[in-house]
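The values are calculated or read from the model by the stated rules, or taken from the named source; none is laboratory data. Keep in mind that what you see is a predicted model, and the values were worked out from it rather than measured. Neighbour counts run over all protein chains shown; Cβ positions are idealised from the backbone, glycine included. Just so you know, the surface numbers come from the protein's heavy atoms only, side chains and all, with ligands and any DNA or RNA stripped out. Shrake-Rupley method; radii C 1.70, N 1.55, O 1.52, S 1.80 Å.
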Amino acid sequence: MNDRPSAARGFRGVLVALLLSSCAAVAQALPLERIKLPPGFRIEVWAQVDNPRAMALGGNNTLYVGSFRAGKVHAVKFDGDYRASQVHVVAQNLNMPVGVAYREGALYVSAVDRILRLDAIDARLADPPRPAVVRDTFPRDRHHGWKFIAFGPDGRLYVPVGAPCNVCEPDSDRYANIMRMNADGSALEVFARGVRNSVGFDWHPATRDLWFTDNGRDWLGDDMPPCELNHAARADMHFGYPYCHGSDIADPEFGAKRACKEFVPPARNLGAHVAPLGMRFYTGSMFPPEYRGQIFIAEHGSWNRSKKNGYRVTLVRLKENKAVSHEGFAEGWLQGESEWGRPADVLVLPDGSLLVSDDFANVIYRITYRAP
């Protein structure tokens, strides 16, 4: 009798038990009771991952997770009940591999000046392939060099390139923009200009327009300029950087060169220095109907404000494709002037629950809903 299958099942069971017990221990150490959510919502630690940032859903119940400082890309397997069961390292020793995107069985990873690809990755989590270089012509600057990446409805890979400074006037064909290219790295072009540092974007589920977050410049005070949520209804729009911030704040150094009225204003001004990173339209059915088609944003939190702000997940409500409000959804990672977590990205699972990565606490949370 061949007992290998049963042994394998037993080993997988041990792995699941170890992961769940580890997550339970982490959950007990984190003050999750301090997270305030609307009635009916619940948050739990879903997986323990080293420095998790951007997330992308792959095949075979797999979530891929990039990192900022760890230099690794992780894969989190989950079961039919959407419980995380195993965590694999599928790439390591990379240069700030924040962004991950999945297409036709391949995982694309951003590493500052390079876009890499891991082929047939879903079946090779325990023995991942050597990354292939898709394109390696992006700037090497580490200042705002980390990149969130995603495939758009047009099948092209969108790649932001941040400004290599706090505020400067860089070559707009190279910096402070959002670019796009074919999956093989060809036909690279600028899609949007005047974007200081976008680390999150998504496409409206109905209109297929691109919406993106942008981090405002520093050293103009505690309360200005605002960080932004922007709406790019077409290619070749300019969103103001470095000449104009928010809707009407002329930059003290560069603002005299071009007036704010020349640029596309934000769809919504967010809080100053809140550092909005990942954002997603809610496309699930678990949450109440009023959340469908609305935008969740992970606010990573301020680093140089005299009183900290951000450190939360917010909700931007849309009406007739216009952003009409910005409100807190999950709050409590900031207690006074001390933080114990920093949301970095959000992602909707197929069951409609919401994942939130936290690169400070080194965990991924899952938010679910049951009618009270």
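Take residues that are touching a Ser or Thr at 6+ places or on another chain (Cβ under 8 Å) and tell me which of the strands (runs of 3 or more DSSP E) falling wholly in region 316-372 contain 2 or more.
322-331, 343-348, 363-369
Give region 226-249 a look and list any residue that's open to solvent by 10 Å² or more (accessible area, probe 1.4 Å), in contact with a strand residue (DSSP E or B) (Cβ under 6 Å, 6 or more places away or on another chain) and not acidic (Asp, Glu), or say none.
226, 231, 235, 237, 238
Tell me yes or no: at least one residue of region 19-34 is assigned to a strand (DSSP E or B) and modelled with pLDDT of 95 or more.
No.
Does region 55-75 include one or more residues that are in contact with a Ser or Thr (Cβ under 9 Å, 6 or more places away or on another chain), more than 22 Å from residue 157 (Cα to Cα) and in a strand (DSSP E or B)?
Taking every residue of region 55-75 in turn, none turns out to be in contact with a Ser or Thr (Cβ under 9 Å, 6 or more places away or on another chain), more than 22 Å from residue 157 (Cα to Cα) and in a strand (DSSP E or B).
Hey, can you tell me all the residues within region 82-103 that are surrounded by fewer than 19 Cβ atoms within 10 Å (Cβ to Cβ) and among the hydrophobic types (A, V, I, L, M, F, W, C)?
89
Looking only at region 48-60, which residues are within 22 Å of residue 342 (Cα to Cα) and surrounded by fewer than 21 Cβ atoms within 10 Å (Cβ to Cβ)?
Selection gives 48, 50, 51, 57.
Quickly run through region 219-257 and pick out the residues that are under 17 Å from residue 175 (Cβ atoms) and outside any strand (DSSP E or B).
236, 239, 240, 241, 242, 243, 251, 253, 254, 257
If we scan region 152-159, do we find a residue that is assigned to a loop (DSSP other than H, G, I, E, B), out of contact with any helix residue (DSSP H, G or I) (no Cβ under 6 Å at 6 or more places or on another chain) and touching a residue at least 60 places away in the same chain (Cβ under 8 Å)?
Taking every residue of region 152-159 in turn, none turns out to be assigned to a loop (DSSP other than H, G, I, E, B), out of contact with any helix residue (DSSP H, G or I) (no Cβ under 6 Å at 6 or more places or on another chain) and touching a residue at least 60 places away in the same chain (Cβ under 8 Å).
Please state which one of 109, 133 is open to solvent by 10 Å² or more (accessible area, probe 1.4 Å), on the phi < 0 side of the Ramachandran plot and part of a strand (DSSP E or B).
Of the residues listed, the single one that is open to solvent by 10 Å² or more (accessible area, probe 1.4 Å), on the phi < 0 side of the Ramachandran plot and part of a strand (DSSP E or B) is 133.
Among the residues of region 299-317, is any open to solvent by 10 Å² or more (accessible area, probe 1.4 Å), farther than 30 Å from residue 43 by Cα and modelled with pLDDT under 95?
No, region 299-317 contains no residue that is open to solvent by 10 Å² or more (accessible area, probe 1.4 Å), farther than 30 Å from residue 43 by Cα and modelled with pLDDT under 95.
Determine whether residue 343 is out of contact with any helix residue (DSSP H, G or I) (no Cβ under 8 Å at 6 or more places or on another chain) and surrounded by fewer than 20 Cβ atoms within 10 Å (Cβ to Cβ).
No; evaluated as a whole, the condition is false for this residue.
Among (1) open to solvent by less than 30 Å² (accessible area, probe 1.4 Å); (2) farther than 25 Å from residue 64 by Cα, there is one condition residue 211 misses while meeting the rest; what is its number?
Among (1) open to solvent by less than 30 Å² (accessible area, probe 1.4 Å); (2) farther than 25 Å from residue 64 by Cα, residue 211 violates only (2).
Residue 117 - would you say it is basic (Lys, Arg) and either in a loop (DSSP other than H, G, I, E, B) or touching a Pro at 6+ places or on another chain (Cβ under 6 Å) (or both)?
no
Suppose we filter region 61-81 for residues that are under 16 Å from the mean Cα position of the chain (by Cα) and surrounded by fewer than 16 Cβ atoms within 10 Å (Cβ to Cβ); how many remain?
1
How many residues are crowded, with 24+ Cβ neighbours inside 10 Å and among the β-branched types (Val, Ile, Thr) if we restrict to region 259-294?
Residues in region 259-294 being crowded, with 24+ Cβ neighbours inside 10 Å and among the β-branched types (Val, Ile, Thr): 1 in total.
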